[in-house]
Each structure stands twice: as C-alpha cells, then as structure tokens.
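Asker: This is the structure I want to talk about, given as structure tokens.
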Amino acid sequence: MLPMTFTMPLPVISFHNSSLDSPDTPGMLHCYVHIPFCRNRCSYCDFFLITREGFQEPFFRALREETRSRAILLEGRTIRSVHFGGGTPSLVDPRHLEAWLNQVAGYATFHPELEITLEANPEDLTPQSLALWSSIGVNRLSIGIQSYNSRKLHALGRDHDALCARRVTGEAMERFRNVSVDLICGVEGESSALWGADLDDALSFGLQHLSVYMLTVEPFTRLARDVSKGLVQVPGEGELASMYSIASERLSSSGFEHYEVSNFARAGCFSRYNMGCWQRESYLGFGPSAHSLYTLGAAEWRSANVTSLTRYIAEPRELSSQREFLSEKDRRNEQIFLSLRLKTGLDAGLLQRWHSFDPRIDTAVDAFRQRGWLDVNGRTLKVTRKGFLFADLIAEELLLG
C-alpha cells in the first residue's frame, strides 16, 4: 500500500449540494492535469498522447516545475475540483499524482468537498489499484468502458473485453461512491438493439454518471483513413441521431438528468470540473496541450500549453503556445455557446440586450422553437432534448457578429 502522506483531509463528497453547481464564486478554481501516456492509440482518438515508454519520470519533474512557476495563480484560491485526464492517467504510478496534490496543497486551499476525478481504462484497474487510487484522495472515477460488447470493443481497437468491462464497473462501484462510465455509439454494424443492450448493461450497475458519445470520424485518425479507403463503414447521421435519442429517453426514464449534451447524471452527481468549464469558472490546465481560463479582477485570459512532450519537458516554465485576453464580446459569445450546451440554458433577456434587440434574433429563436429545438420558459432559453443534437448549430446562429 502507498504511505498515507496526503497532507489534506481526504474529501467527503456530498451528492446533494446544489451550491456546487452554481456560477463562479470569487477565489474558486478548478484544475486539470493532462497525463499524455497511453499503451496504444485507439483508431478514433485525436487527443494529444504518446505511446512510447520511458518519459514518465521526466514528465512528472516537468509537471512539478510548471506548477511551481504558476504558484502565484494558485495562491489565495480555493480548489473546487481536480481532473486527471489524458491520455490514460490510470497507467501511471499513483504516487506521482499524490505528490502533485501535496504540492498544490502548499499553494492553495482545497475545498472541504473537493472532487478529484481520475480517468481510467478498464485494463488498468484491479481491486488493489482501486484501493491505491482511493487512498491518495481520488473520489470520482471516470472509466473509459465505451461498450459492454466484445465485438464493439474490438472494432474500436480497445484493449479490454466485455468480461473485463463488467468486472471493473462492479469493482469500482464497490470502492467509489461516484463512478462515471463513457459509452460510444455508432460503431460499424451497430444496431439500435445492440446500443440499447449497452445502455441496459450500464444501468444495471446503479452508476451515478454516464457520458454518451456518438462516434466521430476525426481527421488524421486511423478511423478516418479506414473510412476513406472503404475498409470501415460507420452508421450515418440519421442512425446516430436515433441512437442518441434512445440514450436520452432510456437514461432520463431511469432517473438520470440530461444536464449537458453528452452527459447524464443522478441528482447532485454532475461532474464539477466539467460544470466549471461550461459555466466559465476559472480553471488552470497543467501538462502538454492543457488549456486554461483565468479571471483576475477585470481581466480574463485563455491559454493553451504546447502540444509536444519533448518541448514541455525541456521548458516547463515557458510552455504557452498561445495566450489571449478575452474581450467583452468574446466572453459573451462563449457564454452563449456554452450555456446552450447545458440543460439550465441561457437568459433570453441577456441575449436580447447583447444583440441590442436585433429582430433577427427573435426570428432565429422562433424558427428553432418551431422545429422543436428550443424552448423559452419565462426568461430562460433552453435547448430541448431533440435540440441537443443541434446545439452547436443553434449557438452559431445566436453568436454576436
């Protein structure tokens, strides 16, 4: 077992504290750490990662150095959530992440109900490793199950099978009070019945959170190459839309709230890190390719780290590939775009004021309402269950020119 050296009290999650889903509180901050290591690259993945071994020790030295260089941005802040993403964070030694948490605890204050999420692949998880992750303070597990069907998993190029997926989900539920599972629909040859079976399998475990993704053929991925050569045929947009609707209906009728385009949760179990990003609360991203949004007084800036592990390791203090200070128009457009991805929606009065009561906006809103994509409830503009499929298109029509 790991030595219990984590310097803060282990957080206790409250599942019914609605204040944690509220807009940004001064001094509050979220943290994301990008762990860029994977055993293999899945055919559909376009995230920044490496599959070569031997870089973990220099990466974590660079991570500690980057964190020291940004201590001034952490001081005086209260950390509401920490999200270890990737890549595959479950591949690394838990002691590395424990050391980083202890380092941050020396600069900032941890919220009494701090949520610490670890993204994990099923093949990395055993009862022993789950106990280790829990012992360093991880209290929310996000597992890349993707499917409980071995044929689908093989088509996706995953390293685990259906038996492993079921075993790991059950063991995680025994260890953690907050478990999220990722599922993908739209694999070659997938039917609505097969997708429904995946949803039923996930529901059988009593999970707190589910993320549902439609398989996207991203440029420059192996999947894109295979599709272009005719080696793989994926379902069309109509079939994907049908599967998405099946998920929305099945999960909503099973007690899940469809709180964001791709995310479903039981009451009080929204991802705090993701909610922070969607509600434009301040967050700091550490590691290669990580993004940050930081507010200090009247100034607000966004930055992105370099997408090169060798450059990150060589110069962890000089790693921003871009930084921009956001104008008032930028902020408003981000609020429009992100709010329309959330079930809570957007203040219609704000939208009208920002557009100086432009009649074009009323016309666009009315058109989307007639299609059943938007609903106006009092002063709130909300995307409907059907409209979630078109959230980006709706937002583009309503952005400030």
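The values are calculated or read from the model by the stated rules, or taken from the named source; none is laboratory data. No experiment lies behind these values; they were computed from the predicted model shown. Note: ideal-geometry Cβ built from the backbone for every residue, glycine included; neighbour counts use all protein chains shown. Surface areas here come from the heavy atoms of the whole protein model, side chains and all, with no ligands, DNA or RNA. Shrake-Rupley method; radii C 1.70, N 1.55, O 1.52, S 1.80 Å.
Asker: Using modelled backbone amide H atoms (1.01 Å from N, in-plane), which distant-in-sequence or interchain residues come within less than 5 Å of Ser289's amide H?
Answerer: Asn305, Val306, Thr307, Ser308
Asker: Moving on. Lysines near Lys229 by alpha-carbon distance under 21 Å, same-chain residues fewer than 8 away left out - which ones?
Answerer: Lys152
Asker: Same structure, new question: Rounded to the nearest 5, what % of DSSP beta bridges with both residues in region 163-280 are antiparallel?
Answerer: 50
Asker: Order of 154-166, 80-92 by packing, highest average Cβ count within 10 Å first?
Answerer: Highest mean packing first, the order is 80-92, 154-166.
Asker: Okay, moving on. Provide the percentage of antiparallel DSSP beta bridges, counting only those with both residues in the chain; round to the nearest 5.
Answerer: In the chain, DSSP labels about 45 percent of beta bridges as antiparallel.
Asker: Turning to a different aspect of this structure: Just to confirm my understanding: which cysteines in the chain have no other cysteine beta carbon less than 4.7 Å from their beta carbon?
Answerer: Cys31, Cys38, Cys164, Cys185, Cys269, Cys277
Asker: Determine the calculated [θ] at 222 nm for the chain from helices alone, applying -39500 (n - 2.57) to every DSSP H run no shorter than 4 residues and normalising by the residue count; nearest 500 deg cm²/dmol.
Answerer: -10500 deg cm²/dmol
Asker: Can you find, among Asn178, Leu163, Ser211, the residue farthest towards the positive end of the dipole of region 152-223? Put +1 on the C-beta of Lys and Arg, -1 on that of Asp and Glu.
Answerer: With unit charges placed on the Cβ atoms, the residue in question is Asn178.
Asker: Quick one: go through region 173-199 and flag any residue whose amide nitrogen is under 19 Å from the point 7 Å out along the Cα-to-Cβ line of Lys229.
Answerer: It comes to 188-189, nothing else.
Asker: Pick the calculated Cα extents along the principal axes in Å for this structure from (1) 61, 53, 44; (2) 93, 46, 37; (3) 74, 55, 52?
Answerer: Matching the structure shown: (1).
Asker: Please report the spacing between the Cα centers of region 369-400 and region 288-330 in Å, no decimals.
Answerer: 31
Asker: Now a separate question. So which aspartates and glutamates can Lys382 reach, going by Cα to Cα under 14 Å and dropping same-chain residues fewer than 8 places off?
Answerer: Leaving aside aspartates and glutamates fewer than 8 places away in the same chain, those within reach of Lys382 are Glu260, Asp347, Asp366, Asp392.
Asker: Now for a separate question. So, with +1 on the Cβ of K and R and -1 on the Cβ of D and E, and no other charges, what is the size of the charge dipole of the chain about its Cα centre, to the nearest 20 debye?
Answerer: Computed about the Cα centre, the dipole is about 300 debye.
Asker: Please calculate the 1.4 Å probe accessible area of Ser150, with all protein chains present, and give it to the nearest 10 Å².
Answerer: Surface accessible to solvent at Ser150 totals approximately 60 Å².
Asker: Now a separate question. Towards the positive end of the charge dipole of the chain, with charges on Cβ (+1 Lys, Arg; -1 Asp, Glu), say which of Tyr32, Ala105, Leu340 has the farthest Cα.
Answerer: Ala105
Asker: Longest exposed-loop-site-free stretch of the chain, with GluC sites (Glu not before Pro), DSSP loop and at most 14 other Cβ within 10 Å?
Answerer: 76-317
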